[in-house]
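The values are calculated or read from the model by the stated rules, or taken from the named source; none is laboratory data. Everything numeric in this text was worked out from a predicted model, so none of it was measured. FYI the Cβ positions are ideal-geometry reconstructions off the backbone, even for glycines, and counts take in every protein chain you see.
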Amino acid sequence: MPQTGSKTVLVTGGTGFVGRWAIARLIRRGYLVRATVRDLARESELRGAVATQKETGKYLTAVAADLTADAGWDEAVAGCAYVLHIASPLGSAGESDKALIAAARDGTLRVLRAASAAGVARVVMTSSTAACTPAGPLDRAIDERDWTDPDQPGLAAYRRSKVLAERAAWDFMAGRKTELTTILPGAIFGPMLKRQRLGSVAIIERLLHGQPPALPRLAFNITDVRELADLHIRAMTEPAAAGQRFIALGEALWYGEIAAALKARLGAGAKRVPTRAMPDVAARALAVFSPQMKAMLPLLGRTQAFSTEKARRVLGYNPRPAADTVVDCARSLVGGTWAG
């Protein structure tokens with residue numbers, strides 16, 4: 001195990017999909033991990049999930065802190081060398097767009113304010129390619145110079161929350177001693193350590209249950225959760241990563257390609273996965289009733305290339321085939337856990 005000097009890393013959103021994997025990878029490398037949870041009653045659940053990869057023992061502690069409140073953040077970062085700020089609200093039924101955006105932006109500032117005051121060396125923040133995607137197609141690959149216009153018409157609240165949170169982070173950290181790095185993934189898939197709120201993984205679960213009944217012309221730029229966790233840790237200590245954004249995603253797969261991979265490699269577990277194509281007119285009609293489809297409608301029939309050259313060069317990023325990622329994701333959903 002690499003020697004880390006028993007440095008402590010705070011991971012926000014410890015019970016989340018990416019957070020759990022980041023904790024497991026950190027412990028494998030010998031770090032002490034302090035994870036934020038909104039409710040300490042979930043600590044045993046977190047330990048159980050991480051233990052499918054690595055025994056937590058003395059390496060993991062949980063502390064209560066919520067992005068929507070000031071309480072707990074100074075205590076959470078005290079004595080930490082690094083912070084992986086992974087927590088981000090996805091929104092829930094009945095929650096206003098304004099509340100979602102405020103939780104993402106203001107929550108990020110709470111974390112950064114506490115980290116800076118505590119003298120943390122570096123914060124690595126999970127952003128999203130939703131924060132670097134212009135409204136119209138470009139004649140080149142999107143790279144880290146690009147930003148989403150938060151005021152563009154029709155922009156979904158989640159996507160707006162990501163760009164406003166990252167902008168606020170860079171503005172706040174300008175000129176401060178604590179360093180900031182941001183990681184911008186695409187659609188995050190891969191194996192789940194335990195069942196939890198699904199986020200983007202719900203796309204795979206719905207396919208396994210035959211939904212949607214036909215496949216719209218939508219493509220996903222896929223990021224593997226295991227590689228995303230590893231990338232956060234590399235960005236945490238790589239000197240050249242300070243003050244940088246990194247786009248982190250692999251291949252783009254269309255709905256039809258995802259369905260075909262599941263059918264070919266999952267056997268009976270994929271028997272309900274649809275195969276028919278959905279006409280664009282039907283996708284637009286569905287968007288009237290489906291918030292998820294409405295949010296993705298601007299991407300109908302469109303793909304845009306992203307450059308991962310900086311992540312490959314600086315952080316050694318080398319994503320696996322996207323089909324492997326979605327199949328591993330589906331297998332964990334069918335089996336209920338992932339021990340591979």
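Give the residues of the stretch 167-221 that are among the acidic types (Asp, Glu) and farther than 30 Å from Ala81 by Cβ, sorted by residue number.
If the condition is that a residue be among the acidic types (Asp, Glu) and farther than 30 Å from Ala81 by Cβ, then Glu205 is the only one that fits.
Specify which of the listed residues (Arg226, Arg217) is in a loop (DSSP other than H, G, I, E, B) and of a type outside the set (Ser, Thr, Tyr).
Arg217
Here is a list: Asp66, Asp139. Which entry is under 24 Å from Arg302 (Cβ atoms) and in a loop (DSSP other than H, G, I, E, B)?
Asp139
Every residue, every condition in (1) of a type in the set (A, V, I, L, M, F, W, C); (2) farther than 30 Å from Lys54 by Cβ; (3) assigned to a helix (DSSP H, G or I), yes or no:
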position	(1), (2), (3)
Ala240	yes, no, yes
Phe246	yes, no, no
Arg265	no, no, yes
Arg313	no, no, yes
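For the stretch 94-120, what are the residues that are within 15 Å of Thr36 (Cα to Cα) and within 20 Å of the chain's Cα centre (by Cα)?
Once the filter is applied, which keeps residues that are within 15 Å of Thr36 (Cα to Cα) and within 20 Å of the chain's Cα centre (by Cα), the stretch 94-120 yields Gly107, Thr108, Arg110, Val111, Leu112.
Which residues, taken from the stretch 201-217, are within 16 Å of the chain's Cα centre (by Cα) and touching a residue at least 60 places away in the same chain (Cβ under 8 Å)?
Val201, Ile204
How many residues, within the stretch 163-198, are under 25 Å from Ala241 (Cβ atoms) and not in a loop (DSSP other than H, G, I, E, B)?
The qualifying residues number 21.
Need the failing condition index for Tyr158 against (1) among the hydroxyl-bearing types (Ser, Thr, Tyr); (2) surrounded by fewer than 19 Cβ atoms within 10 Å (Cβ to Cβ); (3) assigned to a loop (DSSP other than H, G, I, E, B), just the number.
(3)
Mind checking which residues of the stretch 183-234 are small (Gly, Ala, Ser) and under 25 Å from Ala282 (Cα atoms)?
The answer is Ala187, Gly199, Ser200, Ala202, Gly210, Ala214, Ala219.
Buried (at least 16 other Cβ atoms within 10 Å of the Cβ), in contact with a Pro (Cβ under 6 Å, 6 or more places away or on another chain) and free of Cβ contacts under 8 Å to residues at least 60 places away in the same chain: which single residue out of Ala103, Ala131 fits that description?
Ala103
Which of the residues spanning the stretch 277-289 are under 17 Å from Gly301 (Cα atoms), of a type outside the set (Val, Ile, Thr) and either part of a helix (DSSP H, G or I) or out of contact with any strand residue (DSSP E or B) (no Cβ under 7 Å at 6 or more places or on another chain) (or both)?
Scanning the stretch 277-289 gives Pro279, Asp280, Ala282, Ala283, Arg284, Ala285, Leu286, Ala287.
I'd like the residue in the stretch 294-324 that is of a type in the set (A, V, I, L, M), modelled with pLDDT of 80 or more and farther than 16 Å from Glu257 by Cα and, out of all such residues, is nearest to the chain's Cα centre (by Cα).
Ala311
Within the stretch 110-136, track down each residue that is hydrophobic (A, V, I, L, M, F, W, C), assigned to a helix (DSSP H, G or I) and closer than 24 Å to Asp230 by Cα.
Val111, Leu112, Ala115, Ala130, Ala131 - these are the residues of the stretch 110-136 that are hydrophobic (A, V, I, L, M, F, W, C), assigned to a helix (DSSP H, G or I) and closer than 24 Å to Asp230 by Cα.
Would you confirm whether any residue within the stretch 168-185 is crowded, with 19+ Cβ neighbours inside 10 Å and modelled with pLDDT under 95?
Within the stretch 168-185 (the criterion being crowded, with 19+ Cβ neighbours inside 10 Å and modelled with pLDDT under 95), the answer is no, since none of the residues qualifies.
Counting just the residues of the stretch 250-293 that are closer than 25 Å to Gly136 by Cα and of a type in the set (D, E, K, R), which one comes out nearest to the chain's Cα centre (by Cα)?
Selected residue: Glu251.
Are any residues in the stretch 236-286 in contact with a Phe, Trp or Tyr (Cβ under 8 Å, 6 or more places away or on another chain), β-branched (Val, Ile, Thr) and under 21 Å from Gly210 (Cβ atoms), and if so, which ones?
Ile258
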